[in-house]
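The structure appears right after this line, and notes come after that.
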Amino acid sequence: MGDRDHRYSGSGSVAFATDGRLVWAHIPGPSADEDADDGPEAWLVLDAADGTVLARAATGTVAAGSVHVPHPDPGRMGLSVGEGQDGSPLLWGRWDGSRLTVDTFGGEDRVLLAVSPTGDRLLTVTHDQDTLAVHRAADGSVTAALDAEAVPPHPAAEEDAGDAEADEIRAYFDYEGGFVDEETVVVGTTESDEEYGAGRHWLVAPASPRPLDRITYPREVSGPPRALGDGTWYTVSAADSALHVWAL
């Protein structure tokens with residue numbers, strides 16, 4: 001599959017809650033050509049100590065893959081479910097110690113990238129990678145959004161553009177990004193940039209998303225940025241042989 005997080009797409013995904021006492025697990029169901037008797041897709045909350053299933057809820061999805069995004073509150077968890085060309089449902093789970101409730105927002109079009117350090121904000125990108133948005137974690141409502149048209153095309157793309165249509169050289173956001181701290185988001189356009197050269201990373205203000213500045217590094221970096229929430233973010237070298245941690 002080429003995805004280091006999911007060697008096999010049918011294996012689902014799991015994550016520890018932030019206190020390490022719970023495990024959240026997404027269990028894919030059968031595909032269209034498999035036995036439907038295997039049951040629908042489900043989201044489980046388990047006791048990390050002994051594996052006891054504490055709660056189970058149907059997701060109503062048909063996943064090609066999924067990713068968990070933890071919240072500072074161990075009783076809350078985000079789940080992005082990729083359904084290929086059909087979309088990317090975003091599920092938000094709450095476990096109160098006895099009952100699991102699951103909400104959705106963004107229709108079939110939102111990929112959850114990160115939760116802010118306080119847990120008050122969520123960062124998403126649309127399935128087509130055109131729009132970055134900040135949401136209130138309490139209800140999922142959008143507080144600010146940034147269209148990829150605000151990001152300039154890669155300089156090398158403009159030089160080589162010739163008679164190319166604008167859509168052919170436009171930048172779009174990666175499926176990676178996060179909160180450097182409560183007031184700063186780091187995102188990349190590395191996927192759209194890779195045809196033309198080194199990928200670019202950007203700083204964004206979540207209160208009113210707009211590109212603040214392109215990040216200039218003292219050495220070459222590769223891949224998307226991954227935020228740590230404590231004022232830093234990291235990148236991985238092209239050969240996967242080094243991890244570089246960066247601060248503003």
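Structure data summary
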item: Segments 22-29, 67-74 sorted - mean Cβ within 10 Å per residue, highest first; result: 22-29, 67-74
item: Total charge dipole magnitude, the chain, about the Cα centre, Cβ charges on Lys, Arg, Asp, Glu only, Debye to nearest 20; result: 1180
item: Glu194-Phe16 FRET efficiency (beta carbon distance; Förster radius 30 Å; 0.05 resolution); result: 0.40
item: Whole-percent carbon and sulfur share, accessible surface of the chain, 1.4 Å; result: 47
item: Karplus-derived HN-Hα couplings along region 118-132 (A = 6.51, B = -1.76, C = 1.60, θ = phi - 60°), whole Hz, x at Gly and Pro; result: 7, x, 7, 10, 10, 10, 10, 10, 5, 4, 8, 6, 8, 9, 9
item: Backbone HN-Hα couplings from phi across region 170-179 [Karplus 6.51/-1.76/1.60, Hz, Gly and Pro as x]; result: 5, 8, 9, 6, 6, 8, 9, x, x, 8
item: Extension gain (nm, one decimal) between Asp139 and Asp86, 0.36 nm per residue minus Cα-Cα; result: 16.7 nm
item: Calculated FRET value between Ala205 and Arg99, using beta carbons and R₀ = 51 Å, to 0.05; result: 0.85
item: Karplus-derived HN-Hα couplings along region 231-246 (A = 6.51, B = -1.76, C = 1.60, θ = phi - 60°), whole Hz, x at Gly and Pro; result: x, 10, 8, 9, 10, 10, 5, 4, 8, 6, 9, 8, 10, 10, 9, 10
item: Zone of Asp47's modelled label, taken as backbone nitrogen in region 98-132 under 20 Å from a point 7 Å along Cα→Cβ; result: 98-101
item: Additional length obtainable on full extension of the chain from Asp120 to Thr216, 0.36 nm per residue less Cα span; result: 31.6 nm
item: Other-chain or far-sequence residues with amide H under 5 Å of Phe105's (modelled H); result: Leu90
item: Net length gained if the chain between Val236 and Ala156 were fully extended (0.36 nm per residue, minus Cα distance); result: 26.5 nm
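The values are calculated or read from the model by the stated rules, or taken from the named source; none is laboratory data. This is a predicted model, so every value here is computed, not measured. Using ideal geometry, Cβ is built from the backbone for each residue, glycine included, and neighbour counts are taken over all protein chains shown. Just so you know, the surface numbers come from the protein's heavy atoms only, side chains and all, with ligands and any DNA or RNA stripped out. Shrake-Rupley method; radii C 1.70, N 1.55, O 1.52, S 1.80 Å.
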